[in-house]
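Here's the structure, in structure tokens; my notes come after.
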Amino acid sequence: MASAEAATDTNNSKSSSVDLDAVKLAEMGYKQDMQRNFSVWSVLGVGFSLTNSWWGISAAMITGINSGGPMLIIYGIILITLISTCVGISLSELASALPNAGGQYFWANELAPKKYASFASYLTGWFAWWGSIFTSASVALSMGSALVGCYQLNHPDFVILPWHVFVAYQITNIFCFFFNCYGKTLPTVAQVTLCISLCSFTVILVTVPAVAPTHQHASFVFTTFINNTGWAEGGIAFIVGLVNTNWSFACLDAATHLAEEVRNPERMVPIAIMGTVAIGFVTSWFFSIAMFFSIVGDFANISATTTFVPILELFYQALSSRGGATALESLIIATGFGCLVASHTWQSRLCWSFARDRGLPGHKWLSQVDKKLDVPLYAHFVSCVIVAIVGCLYLASLTAFNSMITACIVLLYISYSIPIICLLIRGRDTIKPGPFWLGPFGLFSNIVLLCWTLFTLVMYSFPYTKPIKSSNMNYVSAVYGVVTIIMVADWVVRGRKSFRGVGERKSDVQEVSRVVVRSASIH
């Protein structure tokens, strides 16, 4: 009774708000392990710094420029924004109704039929975590390519080899690891990276068109379709290229996994998710238009650059200065570092929250939160080690970047789809909605998400170029197979016996609630 009065009091203290959120969490069967240091702006900072659509477009030019060209990216952004809006609405509704750091795996546990709840939740958690691993790997690889590309631009005789990018990949992953080792600074880091991203976007958007000696015609920007994939069918080439645009709007669930580190998560998390989509569209679309108008000379020179970084070559041709191009690329690299830091935050929370319910081997360590550092340090370290191992794929295939981004997109979509399927089977009207609930339009968004997941699962598995060779093969199907084998093996050997399903979690509610009340009375 006292807590309810404190919640409605306009002069309620900060601690009362924290206690109320802790009580809501206890009702789900979890105790408050993380401090609620994040504000809506810092949560938005993590969400947008990770999705970071305009930066994703600049990195996606590495592989997407030959699979549709300007037309693909300009109109692909509009298409993916519409789909991402539906994805964001679907996630926001569940995050508002059931705010929990577990996100989609927790929702599946709550919404699935009791007979299948544990297995559905288990699958969702594994797909989500692996999706985050491949996201971090794809970001680190794009950063490695950018760093090596800058060096090559300033040393024209230097020939880039795969191991150069691999080393830069590992250095980037290790460097960004340390930013997630102290919890109290993370909200500030998130807000700073958000500012860096938007400031870098503004500087590049103004500088490149202003200094470019010539500009392309509108017909080139809005109607030019380029197909250098070897696919005779333009539609297949468009879909192959769409993978890269889709990557620029991936990872929309990031904010949901900070639900236990922000106050009033049922309101703040949906704001962060939908804000990420809105800012992502505005920045990526105008960035793309400005860059394509600023291309100097033959478009083929951009894709054939010896730096293997088309956006860097575009800067060089527009500015006619290696130093100027490097300076602008440095802004993209700084933004990319923020993206990888946010990705590490996200993947560590996914690993930690899933381990709380014994979903992963070594859960006793992975579920621990370092009280002094206020971070799940073991979960963070293990996730980053796996990212380092995944980077070895690049040494085996130069098309590993596309395989990584495809895996990150599709595995995450699958993890979103499982709780949505459970919700539709159970009935949308059978759960208590949160402040963000869109009724019929929410149902429409759920259907769009499921259809798009099925589409990407099939179409994004196509080879990127023809003729098909071992060096340019799309190995994402092999990635799916390996991930599935690991999941099934762990479920049979360990998971089905030890995973904490909804029944056991509900039985723990009373004990967890007593701990929360006792802690509140002490304070």
Inset, instruction - List the number of the failed condition for residue 256; all other conditions in (1) under 30 Å from residue 373 (Cα atoms); (2) modelled with pLDDT of 90 or more; (3) open to solvent by 40 Å² or more (accessible area, probe 1.4 Å) hold. - result: (3)
Legend entry - Qualifying positions in the stretch 237-264 - among the β-branched types (Val, Ile, Thr) and closer than 22 Å to residue 414 by Cα: 239, 240, 243, 245, 256
Inset, instruction - Evaluate the stretch 213-222: report whether one residue or more is assigned to a loop (DSSP other than H, G, I, E, B), touching a helix residue (DSSP H, G or I) at 6+ places or on another chain (Cβ under 9 Å) and farther than 13 Å from residue 293 by Cβ. - result: no
Legend entry - Every pair of residues 6+ apart whose Cβ atoms lie under 8 Å, when the first sits in the stretch 175-193 and is under 21 Å from residue 137 (Cβ atoms) while the second is β-branched (Val, Ile, Thr) and outside any helix (DSSP H, G or I): 180/375; 181/375
Inset, instruction - Would you please list the contacts, defined by Cβ atoms under 8 Å and residues six or more apart or on different chains, that run from a residue in the stretch 27-51 that is touching a residue at least 12 places away in the same chain (Cβ under 8 Å) to a residue that is among the polar types (S, T, N, Q) and not in a helix (DSSP H, G or I)? - result: 28/100; 30/100; 51/248
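Got a sec? Which of 90, 121, 84 is more than 17 Å from residue 410 (Cα to Cα) and crowded, with 24+ Cβ neighbours inside 10 Å?
Going through 90, 121, 84 in turn, just one is more than 17 Å from residue 410 (Cα to Cα) and crowded, with 24+ Cβ neighbours inside 10 Å: 121.
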Inset, instruction - Answer yes if at least one residue in the stretch 177-191 is surrounded by 13 or more Cβ atoms within 10 Å (Cβ to Cβ), touching a helix residue (DSSP H, G or I) at 6+ places or on another chain (Cβ under 8 Å), of a type outside the set (Asp, Glu) and at pLDDT 95 or above, and no otherwise. - result: yes
Inset, instruction - Run residue 283 past the list (1) farther than 27 Å from residue 463 by Cα; (2) of a type outside the set (Gly, Ala, Ser); (3) part of a helix (DSSP H, G or I); (4) open to solvent by 10 Å² or more (accessible area, probe 1.4 Å) and report the number of the one that doesn't hold. - result: (4)
Legend entry - Pairs where the first residue, in the stretch 256-276, is of a type in the set (Lys, Arg) and the second is assigned to a strand (DSSP E or B), C-beta under 9 Å, 6+ apart: 263/38
Legend entry - Exclusive hit being touching a residue at least 40 places away in the same chain (Cβ under 8 Å), part of a helix (DSSP H, G or I), closer than 28 Å to residue 26 by Cβ and of a type outside the set (D, E, K, R), set 373, 412, 360, 423: 423
Legend entry - Selection within the stretch 432-462 - over 11 Å from residue 87 (Cβ atoms) and open to solvent by less than 30 Å² (accessible area, probe 1.4 Å): 434, 439, 442, 456, 460, 461
Inset, instruction - Could you list all residues from the stretch 145-175 that are in a loop (DSSP other than H, G, I, E, B), surrounded by 14 or more Cβ atoms within 10 Å (Cβ to Cβ) and β-branched (Val, Ile, Thr)? - result: 160
Inset, instruction - Looking only at the stretch 64-78, decide whether some residue is in a helix (DSSP H, G or I), closer than 27 Å to residue 357 by Cα, open to solvent by less than 10 Å² (accessible area, probe 1.4 Å) and at pLDDT 85 or above. - result: no
Inset, instruction - From the list 320, 353, pick out the single residue that is modelled with pLDDT under 95 and open to solvent by 30 Å² or more (accessible area, probe 1.4 Å). - result: 320
Inset, instruction - Looking only at the stretch 376-409, count how many residues are in contact with a Cys (Cβ under 8 Å, 6 or more places away or on another chain) and not in a loop (DSSP other than H, G, I, E, B). - result: 6
Legend entry - Residue among 263, 267 that is open to solvent by 20 Å² or more (accessible area, probe 1.4 Å), within 30 Å of residue 99 (Cβ to Cβ) and modelled with pLDDT under 90: 263
Legend entry - Meets criteria (farther than 26 Å from residue 195 by Cβ, of a type in the set (A, V, I, L, M) and either open to solvent by 10 Å² or more (accessible area, probe 1.4 Å) or touching a residue at least 40 places away in the same chain (Cβ under 8 Å) (or both)) for residue 340: no
Legend entry - Pair list, Cβ under 9 Å, 6 or more apart: the stretch 121-148 residue in contact (Cβ under 8 Å) with a residue 24 or more places away in the chain, other residue among the basic types (Lys, Arg) and open to solvent by 10 Å² or more (accessible area, probe 1.4 Å): 122/496
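Let's see how each residue does on (1) at pLDDT 95 or above; (2) of a type outside the set (A, V, I, L, M):
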residue	(1), (2)
404	no, no
413	yes, yes
441	yes, yes
447	yes, no
460	no, yes
464	no, yes
499	no, yes
506	no, yes
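The values are calculated or read from the model by the stated rules, or taken from the named source; none is laboratory data. Note that the structure is a prediction, hence the values are computed from the model and not measured. Don't worry about glycine lacking a Cβ; one is built from the backbone with ideal geometry, like all the others, and counts go over all protein chains shown. Side chains included, ligands, DNA and RNA excluded: accessible areas come from the protein's heavy atoms. Shrake-Rupley method; radii C 1.70, N 1.55, O 1.52, S 1.80 Å.
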